[in-house]
1. Checking the condition within 35 Å of the chain's Cα centre (by Cα), under 22 Å from Ser174 (Cα atoms) and either within 16 Å of the ligand (Cβ to nearest atom) or among the hydrophobic types (A, V, I, L, M, F, W, C) (or both), which residue from Val297, Val301, Val317, Val266 passes?
2. Closer than 30 Å to Leu46 by Cα and without any contact (Cβ under 8 Å) to a residue 24 or more places away in the chain: which single residue out of Arg104, Arg66 fits that description?
3. List the helices (runs of 4 or more DSSP H) that sit entirely inside region 1-107 and contain at least 3 residues that are modelled with pLDDT of 85 or more and polar (S, T, N, Q).
4. So, in region 194-235, of the ones that are among the charged types (D, E, K, R) and under 24 Å from Asp294 (Cβ atoms), which residue ends up modelled with the lowest pLDDT?
5. Within region 239-270, which residues are of a type in the set (Val, Ile, Thr) and either under 25 Å from Val297 (Cβ atoms) or assigned to a strand (DSSP E or B) (or both)?
6. Does Ile191 qualify as being at pLDDT 95 or above and touching a strand residue (DSSP E or B) at 6+ places or on another chain (Cβ under 6 Å)?
7. Just for region 209-260: of the residues that are more than 13 Å from the ligand (Cβ to nearest atom) and closer than 23 Å to Asp306 by Cβ, which one is surrounded by the most Cβ atoms within 10 Å (Cβ to Cβ)?
Amino acid sequence: MKAQLEKIYGNAATDLAKAESINDVETVKDKYLSRKGEFNSIKKNLKDLSDEDKRIVGALANEITRKLETSLKAKHDELYTKELNEKLQTEKIDITLPGKFIPRGHVHPITSTINEITAIFQGLGFSLIKNELSPEVETEYYNFDMLNFPPDHPAKDMQDTFYTKAAPNVILRSQTSSAQIRAMELQKPPIRIISPGRVYRNEAVNSRKNNFFHQIEGLYVDKDITFGNLKGVLNEFIRIYFGESRPARFRASYFPFTEPSAEVDVQCIICGGTGCRTCSGTGWLEILGAGMVDPNVLKGVGVDPDVYSGFAFGMGVERLSMLKYAIDDIRLFFNNDVRFLKQF
Ligand code: PHE
């Protein structure tokens, strides 16, 4: 039995020497030291020995078991350190490496221009009307008829309108002026609102014109509103938006829904007034149309023109942005070229 024990110990030592991982060590431990392990099956036979032999063999079995436990532990620790060192080597993090660059998005220049203009008019006492009061898919009724465009009036051709097949008279709005009607239908004077949004016109695209663009509509209706109020508000807007030094001019114009009507130009920022491609050689760029709300429009929405008067204006957002930042091509806003967009 003694010899048997020595032999098992020898086998165990050989197995352990071959172990290459902690897992291998566990396998050796199981094979020899577990309840069903080789040493235990020997120990079971102890009972058949004489008392004297029991003592000697028992002591030897215990000694060998302890020796094996010690070398298992030593091997385990050795492999643990080895595996840990390997891990530390391969998974090591170089904290001096630069981090990954995650580009950050930002507001589109059209949106930021709308926000800026909106804030100016809010400062002048205007409030922003809800988006749903100013839909992009409109009816001719709101876009033209209620704005005093007589049926079949050639003025309807002034703005080359996109008609839809959704239903007769459903169009892509050609102007935000439809919001004037919707606002006055819902609210009695005093009314002081602005309404920004996208409009569509069937135009040949070039550096100054796109077939959709953005407008901000304004409407002020109350008792005793005069053309002086209109000029005061718009001049104040131009002063805040462009600064004191940008020349502006009012020109007489025509719109079916305002009387009298005006257009406002500011001096071209690209050429400084000498004339260039952007301003078609005139030195001026039109930024908005405006005028006193036509009495017919007020009557249409049930506002008495003998009691109330008002003014309205509609400005081109792209134009205002181009003039402020010296952008010479409207298409840049819509090409989504990040080299352009990230400058804002
Ligand atoms: N809706 C006009 C246009 O698109 C601008 C305008 C708005 C004119 C309000 C007068 C009053 O050209």
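1. Val317
2. Arg66
3. 51-90
4. Going through the qualifying residues, I end up with Arg201.
5. Thr258, Val264, Val266
6. Criteria met by Ile191.
7. My answer is Ile225.
A quick yes/no check of all residues on (1) at pLDDT below 95; (2) more than 16 Å from the ligand (Cβ to nearest atom); (3) acidic (Asp, Glu):
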{"position": "Gly272", "(1), (2), (3)": "yes, yes, no"}
{"position": "Gly275", "(1), (2), (3)": "yes, yes, no"}
{"position": "Ala312", "(1), (2), (3)": "no, no, no"}
{"position": "Met322", "(1), (2), (3)": "yes, yes, no"}
{"position": "Tyr325", "(1), (2), (3)": "yes, yes, no"}
{"position": "Phe333", "(1), (2), (3)": "no, yes, no"}
{"position": "Phe340", "(1), (2), (3)": "yes, yes, no"}
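The values are calculated or read from the model by the stated rules, or taken from the named source; none is laboratory data. Treat the numbers as computed from the prediction; the structure is a model and nothing was measured. Cβ coordinates were reconstructed from backbone atoms using ideal geometry, including for glycine residues, and neighbour counts include every protein chain displayed.
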